[in-house]
1. How much length is gained on full extension from Thr107 to Ala53, taking 0.36 nm per residue of separation minus their Cα-Cα distance?
2. How would Trp42, Trp108 rank on accessible area, largest to smallest, probe 1.4 Å?
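The values are calculated or read from the model by the stated rules, or taken from the named source; none is laboratory data. All figures in this text were calculated on a predicted structure; none of them were measured in a lab. Remember, those area values only see protein heavy atoms, side chains included, never the ligands or the DNA or RNA. Shrake-Rupley method; radii C 1.70, N 1.55, O 1.52, S 1.80 Å.
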Amino acid sequence: MNRGIGRWCLFLASIMALVVVPVALADEAVDKEGQYQLEGSWWRVHIDGGGGAYVATISRYGAQAYGVEFQGFPVVPGLTGMPFPTTQVTSSPGVIQRVGVNEYEFTWALWYGDQFATAPHRGTVYALVCFGPLIQDSPDHFFFDSNCFVSINPCYLAPTSDRCQGLGDDLWDPFTDPARMCPPLPPSRIAYQRIPLVHECP
């Protein structure tokens, strides 16, 4: 009798294991996929010497990885308080990584340069690197807390330094630069909403 009960319990335990494993895997798949779709076109209003709008286009290129391109922001060739003159600024595409159901991390950079410089790596004076958490709280709205720091090209900071000489023809890496100009500034909250499809009125 005890052997029969033992076998029956073992059989039930095996069945429960088969049921629990797919449920756990299903939950993991839901977590990775996310509740809302992040891809698409987004916008937000900004006031900077006049009305305008930022546009963010987000594309998916991996299981949990996305790229984002920003447009419409005012292109200011220099940052206030920086000791080095710049004549142009270039926005690099940002990267976004999913870390939760509707939670992400992002990194984005603005490259400030001197168009009159001769050597390639000396043409970029400094980079403004922004990063932080991004939360999508509805299908048509997300916000992020942007932290930024400035990294200066060591060839502008000290043209004869070992760091500059060690670059050769390469560009310094502002994302892992140990000699940043300053620690991250207090984060600023920025919110975007999805650009909707607008249909003709009946």
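1. Working: separation 54, 0.36 × 54 = 19.44 nm, distance 2.05 nm.
Taking Thr107 through Ala53 to full extension adds about 17.4 nm, to one decimal.
2. Details: Trp42 0, Trp108 45 Å².
Descending accessible area places them as Trp108, Trp42.
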